[in-house]
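Here the structure is laid out as structure tokens; the discussion comes afterwards.
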Amino acid sequence: MAQSLTGKVALVTGAGRGIGRETALALAKEGVNVGLIARTEASLKEVAAEVETLGVQAAYAAVDVSSPEQVEKAVVNLTDKLGTFDILINNAGIMKKGSFLEMDPEDWKQTIDVNLMGVYHVTRNVLPQLIEKQGGDIINISSMSGLKGTAGSTAYSASKFGLLGMSEALMQEVRPHNIRVFAMTPSMVATELTGKGDSTEEEKQKFMQPEDIAEYMIAQLKLHPRIFIKTSAQWATNPF
Ligand SMILES: NC(=O)c1ccc[n+]([C@@H]2O[C@H](COP(=O)([O-])OP(=O)(O)OC[C@H]3O[C@@H](n4cnc5c(N)ncnc54)[C@H](OP(=O)(O)O)[C@@H]3O)[C@@H](O)[C@H]2O)c1
């Protein structure tokens, strides 16, 4: 039988817009108290207010997930406000395009620092709470680019392939603690990251919407704790 999420506490990174924002709201609708992380305070404030209108608690920290110091402080601060976490959604990510030789090495490094090291820093600070509870869920948002390389996307693909490898290895380590690690590999979702954030109604039929991904995450989290979906790919039904 599916489990209820009511009363649980979740941390969502990249919660200021796109998939992270919709996930925070979807969790709130299930009665989950939500901690929000992104760099832009103004957007976090708005999402926190929306979350609270759904009758649960919200708290946010405007930090860069690529900074271990900022992440450590944020997790302590959010835990003080909301209690220890049951669910971690590692969603914050950036995508910079450019050919291997032309891409600025700093952009290449930043992509790895945010998309891969960022997940490492956040997970490193939250995981001890889940181990202490002997249960909990981590969802890592990789990408179709974590399964398949495409020209102009070496840094993004490297970060997302890496994230899948890290997720699999972490899953093997923490499963004995009754912790589930889900890795997701969505294809195109209409957000600012893909330049499809302001979709027309016609485009909405072609691309997945962030709320579709959020609903999928909720369904995964509601599964009985004895089962989990290790990796799953989400595809638009009508991409052409
Ligand atoms: N959209 C797609 O088609 C698609 C497909 C597959 C996978 N994904 C993955 O899904 C995740 C979310 O993507 P999205 O499309 O929702 O992107 P988005 O609309 O650009 O939102 C990204 C979120 O991450 C935050 N963020 C970015 N860099 C950060 C950092 N260094 N520290 C903390 N927060 C940071 C952003 O806020 P600030 O800028 O304020 O920090 C924002 O809230 C990403 O990991 C992406 O790679 C997306």
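The values are calculated or read from the model by the stated rules, or taken from the named source; none is laboratory data. What you see is a predicted model, and the numbers here were worked out from it, not measured in a lab. Backbone-built Cβ (ideal geometry, glycine too); neighbour counts: all protein chains shown. Accessible surface is based on the protein model in full, side chains and every heavy atom, while ligands, DNA and RNA are left aside. Shrake-Rupley method; radii C 1.70, N 1.55, O 1.52, S 1.80 Å.
Observations, loosely collected:
- Length added when fully stretched, S4-I227, from 0.36 nm per residue minus Cα-Cα: 78.8 nm
- Point-charge dipole on Cβ atoms (K/R +1, D/E -1) for segment 9-234, about Cα centre, debye to 20: 620 debye
- Heavy-atom surface of the chain, accessible at 1.4 Å and reported per residue (Å²): 48 Å²
- Per residue, the average separation of C-alpha pairs within less than 8 Å and at least 6 apart gives the chain a relative contact order of 20 percent.
- When the helices of the chain are scored as -39500 (n - 2.57) per DSSP H run of n ≥ 4 and the total is divided over every residue, the value at 222 nm lands at -13500 deg cm²/dmol.
- Ranking by accessible area, most exposed first, for K81, K73, K204 with a 1.4 Å probe: K73, K81, K204
- Segment 93-224 shape via C-alpha gyration tensor axes, a/c threshold 1.5: oblate
- Element breakdown for the chain at a 1.4 angstrom probe: carbon and sulfur atoms account for 54% of the accessible area.
- Near A26, once Lys and Arg are set to +1 and Asp and Glu to -1 for all other residues with Cβ below 12 Å from its Cβ, the sum equals -3.
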